[in-house]
Amino acid sequence: MRSSELVQWFRQSTPYVNMHRGKTFVIMLDGDTIASQNFINIISDIRLLHSLGIKLIIVFGARVQINELLQLHNISPQYHKNIRITDLQTLDLVKQAVGKLNYDITSRLSMRLPHSPLLNVVSSNFILAQPIGVDDGVDYLLSGKLRRVEVENIQQQLDRDAIVLIGPIAPSVTGESFNLPFEEIATQIAIKLKVEKLIGFSATQGILDQDGQTVSDLQPQQAAVYLEQCIEQNQYHSSQARFLQAAIDVCRAGVKRSHLLSYEEDGSLLQELFTRDGVGTQLSMDNSEDIRVANVRDIPGLLELIQPLEQQGILVKRSREQLEMDIEKYTIIDRDGVIIACAALNVYADEKMAEMACVAVHPDYRSSSRGDILLEEIQKRAKNLNIEKLFVLTTRTVHWFQERGFKMANVEDLPQEKREHYNYQRRSKILIQDLNAENS
Ligand SMILES: CC(C)(COP(=O)(O)OP(=O)(O)OC[C@H]1O[C@@H](n2cnc3c(N)ncnc32)[C@H](O)[C@@H]1OP(=O)(O)O)[C@@H](O)C(=O)NCCC(=O)NCCS
């Protein structure tokens with residue numbers, strides 16, 4: 001990386017550093033992730049997250065490692081309804097595999113860099129289990145389910161700056177040990193601790209569509225379709241399926257975002273968390289707000305939103321006819337049928353430039369990032385049209401755009417047609433953003 005690119009990247013990551021500081025993330029590490037070549041880099045990135053003030057709970061699984069041990073002892077794994085049946089002999093091997101991973105992860109997290117303090121990694125009886133019991137006449141024996149999460153105990157460790165490490169074995173109140181699915185542990189901990197994010201890894205960079213491209217955003221009901229596909233393809237135990245099960249549940253219970261990233265590609269975690277577009281699949285809650293292209297039926301609502309701003313001189317006056325003609329240029333946020341925000345995109349294809357115009361958020365809904373959401377959507381629309389530069393003309397909102405990477409410019413920098421119609425009396429400031437710059 002050239003040093004100027006590094007400097008730029010460093011600067012542009014600042015908002016994300018501030019956004020994540022003090023937040024709690026649950027990181028799911030399944031056996032495949034831990035066995036991957038890139039695991040050493042994932043662990044060092046986890047250390048980096050901790051040093052940036054993010055509170056971390058790592059929940060790990062050991063399926064691959066357990067099955068390797070079973071094979072070594074000529075024991076074939078027993079499942080009922082996709083859940084492992086754990087007899088006493090199997091539990092001994094589960095303890096072996098989980099114990100080893102616990103030590104290995106702790107050691108790697110303890111690797112000390114110059115000028116860095118030693119990380120405090122804590123494993124304890126943070127969860128309690130109970131037996132699954134008998135189902136269809138099949139006894140799951142020492143396979144358990146979660147009985148309780150010791151929320152306060154975990155929170156105390158996080159407040160003391162420790163990384164909490166939890167494996168898939170938990171004690172019961174009767175003094176026995178039970179083997180639990182790690183995705184169930186991650187799910188319940190994420191929900192009970194009301195964490196900000198759940199992060200998981202799989203062999204691919206998130207969920208791939210039919211063309212092999214990463215699906216960047218999913219809502220729970222769409223994720224459920226992908227999970228169904230995994231199950232149909234007998235991939236119930238894949239990293240992807242286990243993450244999806246957890247992510248769908250936590251999302252529906254109010255965890256804002258879950259991310260699925262590649263365990264093979266170095267740096268996925270950092271790219272996902274510290275760049276705007278990310279690299280993997282993000283799962284977020286169902287939203288009653290819909291961001292979409294406007295149509296003629298939206299015109300009355302649009303007028304209601306922008307007319308008060310036109311009267312204050314903040315926006316240029318537009319007639320209903322003009323709106324009708326240009327309606328497809330408008331992107332709106334529709335909240336249960338009410339238009340609460342809008343922005344238009346006027347394209348100057350020859351110059352590969354476009355104007356973001358008529359930007360407005362209803363006063364009742366300001367300062368909740370809807371302006372940012374609109375800007376992101378307009379940037380996306382512009383990039384899809386091969387636009388390289390996005391510009392705005394504004395009289396009173398200069399700083400808002402500057403804070404989002406727009407730079408002051410002159411009339412000569414505008415596309416010719418716009419230059420000819422520039423209203424010198426209005427004296428709007430011109431700001432331009434280079435869409436090819438990283439993170440724009
Ligand atoms: C500018 C506008 C679109 C921002 O929408 P929003 O949903 O409130 O935006 P966000 O939540 O993403 O950002 C809010 C931040 O922008 C700041 N902000 C709002 N208006 C601003 C302005 N005119 N200049 C500078 N900063 C402004 C807020 O103080 C807030 O800052 P904070 O996060 O430090 O509290 C909205 O305030 C608006 O509709 N203004 C009137 C119309 C307008 O000015 N349009 C632009 C003309 S081209």
- Query: What distance in nm separates the simple spin-label points at residue 422 and residue 289, each placed 7 Å from Cα in the Cβ direction?
  - Reply: 3.4
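Would you mind getting the accessible area per residue of the chain, heavy atoms of the protein chains only, 1.4 Å probe, in Å²?
52
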- residue 319 versus residue 335, label points 7 Å from Cα toward the beta carbon: distance in nm? 3.2
- Query: Roughly how many debye, to the nearest 20, is the charge dipole of the chain about its Cα centre, given +1 on each Lys and Arg Cβ, -1 on each Asp and Glu Cβ, and no other charges?
  - Reply: 1400
- Query: Taking a label point 7 Å from the Cα of residue 266 along the Cα→Cβ vector, which residues of the stretch 199-224 have an amide N closer than 18 Å to it?
  - Reply: 205
- Message: In whole Hz and in residue order, list the ³J(HN,Hα) couplings for the stretch 209-216 that follow from phi through the Karplus curve 6.51 cos²θ - 1.76 cosθ + 1.60, θ = phi - 60°; x for Gly and Pro.
- Response: 7, 4, 8, x, 8, 5, 7, 7
- Item | Computed log₁₀ I(q)/I(0) - Debye formula, equal Cα scatterers, no solvent, the chain, q 0.05, 0.13 Å⁻¹ | -0.24, -1.14
- Query: How would 421, 50 line up by accessible area, probe 1.4 Å, largest first?
  - Reply: 421, 50
- Keeping the other protein chains in place, figure out the carbon and sulfur percent of the accessible area of the chain, with a 1.4 Å probe. 46
- Rounded to the nearest 10 Å², what accessible area does residue 68 show when all protein chains are kept and the probe is 1.4 Å? 110
- In degrees rounded to 10, the 0-90 angle between helix 3-20 Cα long axis and the longest Cα principal axis of the chain is 70
- Query: Which value in nm describes the separation of the simple spin-label points at residue 219 and residue 4, placed 7 Å from the Cα toward the beta carbon?
  - Reply: 4.3
- Message: Restricting to Cα pairs below 8 Å that are 6+ residues apart, what does the relative contact order work out to for the stretch 127-220? Please round to a whole percent.
- Response: 24
- Task: Enter the Cα centre distance for the pair the stretch 50-78 and the stretch 175-230, rounded to the nearest angstrom.
- Result: 16
- Message: I'd like the accessible area for residue 393: 1.4 Å probe, protein heavy atoms, all chains in place, Å² to the nearest 10.
- Response: 50
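With +1 assigned to the C-beta of every Lys and Arg and -1 to the C-beta of every Asp and Glu, and no other charges, what is the dipole magnitude of the stretch 288-440 about the Cα centre in debye, to the nearest 20?
Values: 22 positive and 26 negative charges, 83 e Å.
For the stretch 288-440, the charge dipole is close to 400 debye.
The values are calculated or read from the model by the stated rules, or taken from the named source; none is laboratory data. Note that the structure is predicted; figures quoted are calculated from it, not measured. Note that each Cβ is placed from the backbone with ideal geometry, even for glycine, and that neighbours are counted across all protein chains shown. Accessible surface is based on the protein model in full, side chains and every heavy atom, while ligands, DNA and RNA are left aside. Shrake-Rupley method; radii C 1.70, N 1.55, O 1.52, S 1.80 Å.
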